[in-house]
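Here is the structure we will look at.
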């Protein structure tokens, strides 16, 4: 989990970090990284220019320069969907916080009990697994469920994401496959498919958006059976 703390007061950032460190559920069984920003501008620059992606964002509302509320609005415009928790000494912005789909609103000084309760409530929704992808000079943290399929062409790799984005990568397809979970299937020498996005199997995998992903001819039955087992397990677990 990657957490951003954006507050122009060093003492308040340190206090929140200490409070987060005292919540066992936040760090149990997962690698958690907490990054601090002294202004909304710094957080927006990191998000827009460096592709930083967070699972949870704490924003102080009253900061020098751009306010936390305006920072949240710009983050949403940049496509950031992480839960935002506002921190402030005044409840004046409580109503406006709903415009950016805020996950919470905590008054300073932060009460550990309220922070812990809010974190516990959010954990189930923010714990979507990611994979780190090196794309050119940028490092991207991609949700696994956003990956439709990956295709290899000579020495280049293209990762197709939901929404139409194609992420170029120099990694080998076999190395990428080794870092993914059981929903991904190596169905062809040059293709890897996310079975959760498959709608049908004919000669190829037919994705829910209509695109086709080739299946290795000599192993078509085995690959189709592997998808069938995934489909049955996935369907039963959703009941």
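The values are calculated or read from the model by the stated rules, or taken from the named source; none is laboratory data. As the structure is a computational prediction, the values presented were derived from the model and not from experiment. Note that each Cβ is placed from the backbone with ideal geometry, even for glycine, and that neighbours are counted across all protein chains shown.
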Original post:
Any residue in segment 179-189 that is within 20 Å of residue 136 (Cβ to Cβ) and outside any strand (DSSP E or B)?
Top reply: yes
Original post:
Among the residues of segment 207-225, which ones are under 27 Å from the mean Cα position of the chain (by Cα) and surrounded by 16 or more Cβ atoms within 10 Å (Cβ to Cβ)?
Top reply: 207, 213
Original post:
Quick check: is even one residue across segment 185-199 in contact (Cβ under 8 Å) with a residue 60 or more places away in the chain and within 27 Å of the chain's Cα centre (by Cα)?
Top reply: no
Subject >> Residues located in segment 133-173, provided they are at pLDDT below 80, in a strand (DSSP E or B) and surrounded by fewer than 14 Cβ atoms within 10 Å (Cβ to Cβ) >> reply: 138, 139
Original post:
Taking into account only those residues within segment 101-116 that are assigned to a helix (DSSP H, G or I) and within 22 Å of the chain's Cα centre (by Cα), which is modelled with the lowest pLDDT?
Top reply: 116
**OP:** Check whether at least one residue in segment 57-78 is in a helix (DSSP H, G or I), surrounded by fewer than 20 Cβ atoms within 10 Å (Cβ to Cβ) and at pLDDT below 80, and report yes or no.
**Re:** no
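Listed here are the residues, each with its yes/no results for (1) under 21 Å from residue 117 (Cβ atoms); (2) surrounded by fewer than 17 Cβ atoms within 10 Å (Cβ to Cβ).
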| position | (1), (2) |
| --- | --- |
| 44 | no, no |
| 50 | no, yes |
| 55 | yes, no |
| 83 | yes, no |
